[in-house]
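A short write-up of the structure that comes next.
The values are calculated or read from the model by the stated rules, or taken from the named source; none is laboratory data. None of these values were measured; they are calculated from a predicted model. Cβ: placed from backbone, ideal geometry, glycine included. Neighbour counts: every protein chain shown. Quick note on the areas: whole protein, heavy atoms, side chains included, nothing else; ligands and nucleic acids left out. Shrake-Rupley method; radii C 1.70, N 1.55, O 1.52, S 1.80 Å.
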Amino acid sequence: MTAAPVPRPVVRADATSCPQGGRIRCRTAAGDGGPLTGRVVVTDVVADRTVLVAQVRGPVHDLEVPAAWPSSLYRASFHDHRPEVPRPERDAEHEVWFAVRAARPGGASPVLVSVPFPTWRAYHRAGEPGRSLYYSEQPARAARVPLDAPGGGPPPERWEEPLLRWLHRTGRPVEYCSGFDLDDGAELLAAYRVLVVNGHDEYWTADMRDAVEGFVRRGGNLAVFAGNTAWWQFRLEDGGRTMVCHRDAATDPVAATDPSRTTVEWSSAPVDRPENAMTGVSFRRGAGAWGEGMAVMGREAYTVRFADHWVFEGTGLADGDAFARGALGYETDAAELDWSLGVPRATGRDGTPRSFAVLATADLGHWRAYGQGGWATMGIMRLGAGSVFNAATINWGRALDDPAVARVTRNVLDRFSEPPAPRWHTVGPAPGLRALAACEGLLFAVAGDGTTLLHREPSEQNLPWTPCPPSPEGPGHRLRCLTAPREACHPLPLALLAVTEDDRLVHRAPVTGAAPWVDAGPVPRGTTALAMCDNALFAVTAHDDTLHHRPAHLPAAAWTALGPAGGATALAVLHARLHAVTPDGLLTRPPLLTRAPFVPFAPPVPVPSTGPLAPHAGRLLLATGDGRLLSHPGCLTTGAARVAPFTGPAPATREAGSVR
């Protein structure tokens, strides 16, 4: 006689991850409430292969994870020996999903992929009273959900799987963790160079953010192939066994005692910690299409805004090209943008850091008809010693068949995975610039005609240069080189300093409007490079390769030769040292008023092209002969100069890297 069909089993797991060689304890029950007798089938979801089939009997099953199983995402599916009545896949409570972490973190890969188990748990049993954190404003939704509740796997759209399977298919080694592992995850993250956030990673604790932001600021990199990232703050309570999210400060008791951990949107009061500060973008400016409107996703594409950036290397894309069709949706993130110069740049008013560079945009204002109108903003930024890339869409992984999307993904993971190394990268155009300087928060340049002064913001964005109006006093000087001090030197004001073609030093107010150049005395004949440091002016005469100096505040003082200039074609001051562009790369020396040679960095820092050099905010800017403005983080380590004064502490040796 055939047994009557029974509902699928119900299984509770004690964790969402374990290390290789670890264990996941599962509490099981048959679907009719009795003890379970059946089997468990464990699948490596990323590789799409079955790794274990085992018998199950009784209320507890310890799933032993062999040390040989690769770090990956797994699904354990429990089945009764009797015929089963399937339940809807969305709420599959006979499955246990878990990540297997590397027993030795970072041993097989510098890349850690976080699986968004917090978001999966928040969405489980959406709409059922007391079972889920959803839907947002239903009075019967739960504010607290136990992490060992049955189910908690991905929602049916499974936004994360396409990228995970692409990583496996392309043979790129990565290691995995649960998003819950990032709570107090500083020690785990320290073993990696890259953290990948993928798909829909909406729920973050304060400790998750602290760990990830600290990781990046210390030199790690964050690659966000996701959207709606870090939208809600939640807490873990009951020893980490309960996920708490009130979504309302008025009902959260912590709001009165520890406002920073109130479970509201990260950008809302009393937390006031916009997610942009970590990710560069936010769903506040993004777009969403839900329900039947989700079909619109396949029709949308990004438009390239900064094709010269290394992220687009090898794609063949140009500014204005469309790419990544189908990648946008169902929720996207964006930054507030200013288009007044014809190029989108982040305003920063919404919390986006000033180092954020816009790489691509999509105007999704028409999505208002499907849910929420807004934008998608792909970008990259510096955060401390590390970097953050953000694709700004949940659906990125499903467009990886687009060669440009795949190449961008490879570029980001390749670059972010490499050992830390200062290198040049493009931050904008530099069309035929003769001279370059930074002063009072602006970049100034002398155009190729030698007379036109240009200006632009010193951002990482590919902004155009704007001419300053000529002085009302008549035709301007023809200028050879330009500099500006970091600080004023009385009686010389903080100003732009330039050398004219008749070997005079002139200065001008660092303003974008019209202003006269004022004479400040002679310079050595044939001066081609100029810099100022510690109340001293330094000049290079190329015809005899000599470095000269004089006191900056004494225009009548004589210039004194200090010795060879090392073939310098441009000078700049950074970290209280002189830096020189030479045929042998970037050289440096302290600003001593005695004979001291220029020496190379260790290892050497190649210069991709001769051109004017300027410091700004701890970085070097170089205008190349092929019309690019490059940025370099500068170096503190030199070879022979390690024992000389003013070198400061010497960090670990790094490779210079190539221009990308």
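Summary of computed values
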read-out	value
Failed criterion for residue 26 (all others in (1) touching a Phe, Trp or Tyr at 6+ places or on another chain (Cβ under 8 Å); (2) touching a residue at least 24 places away in the same chain (Cβ under 8 Å); (3) open to solvent by 20 Å² or more (accessible area, probe 1.4 Å) hold)	(3)
Residue that is least open to solvent (accessible area, probe 1.4 Å), among those in the stretch 358-407 that are aromatic (Phe, Trp, Tyr) and not in a helix (DSSP H, G or I)	389
Failed criterion for residue 581 (all others in (1) β-branched (Val, Ile, Thr); (2) open to solvent by 20 Å² or more (accessible area, probe 1.4 Å); (3) assigned to a strand (DSSP E or B) hold)	(2)
Residues of the stretch 72-85 classified as farther than 27 Å from residue 388 by Cβ and either in contact with a helix residue (DSSP H, G or I) (Cβ under 8 Å, 6 or more places away or on another chain) or open to solvent by less than 20 Å² (accessible area, probe 1.4 Å) (or both), total	5
Among (1) within 31 Å of the chain's Cα centre (by Cα); (2) over 30 Å from residue 233 (Cβ atoms); (3) among the hydroxyl-bearing types (Ser, Thr, Tyr) - the single one residue 37 does not satisfy	(1)
Residues (more than 23 Å from residue 590 (Cα to Cα) and free of Cβ contacts under 8 Å to residues at least 40 places away in the same chain) located in the stretch 512-542	518, 519, 520, 521, 522, 525, 526
Residues satisfying the stated conditions in the stretch 254-283, i.e. surrounded by fewer than 18 Cβ atoms within 10 Å (Cβ to Cβ) and either within 17 Å of residue 179 (Cα to Cα) or of a type in the set (Ser, Thr, Tyr) (or both)	257, 260, 268
Residue that is least open to solvent (accessible area, probe 1.4 Å), among those in the stretch 523-566 that are among the aliphatic types (A, V, I, L, M) and farther than 26 Å from residue 433 by Cβ	562
Residue list for the stretch 334-350, restricted to those being more than 19 Å from residue 393 (Cα to Cα) and in a loop (DSSP other than H, G, I, E, B)	339, 340, 341, 342, 343, 347, 348, 349
Hey, residue 305 crowded, with 19+ Cβ neighbours inside 10 Å and in contact (Cβ under 8 Å) with a residue 24 or more places away in the chain or not	yes
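Okay, residues lined up against (1) part of a strand (DSSP E or B); (2) in contact with a His (Cβ under 8 Å, 6 or more places away or on another chain); (3) hydrophobic (A, V, I, L, M, F, W, C); (4) at pLDDT 95 or above:
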| residue | (1), (2), (3), (4) |
| --- | --- |
| 482 | yes, no, yes, yes |
| 485 | no, no, no, no |
| 498 | yes, yes, yes, yes |
| 507 | yes, no, no, no |
| 520 | yes, yes, yes, no |
| 529 | yes, no, yes, yes |
| 539 | yes, yes, yes, yes |
| 548 | yes, no, no, yes |
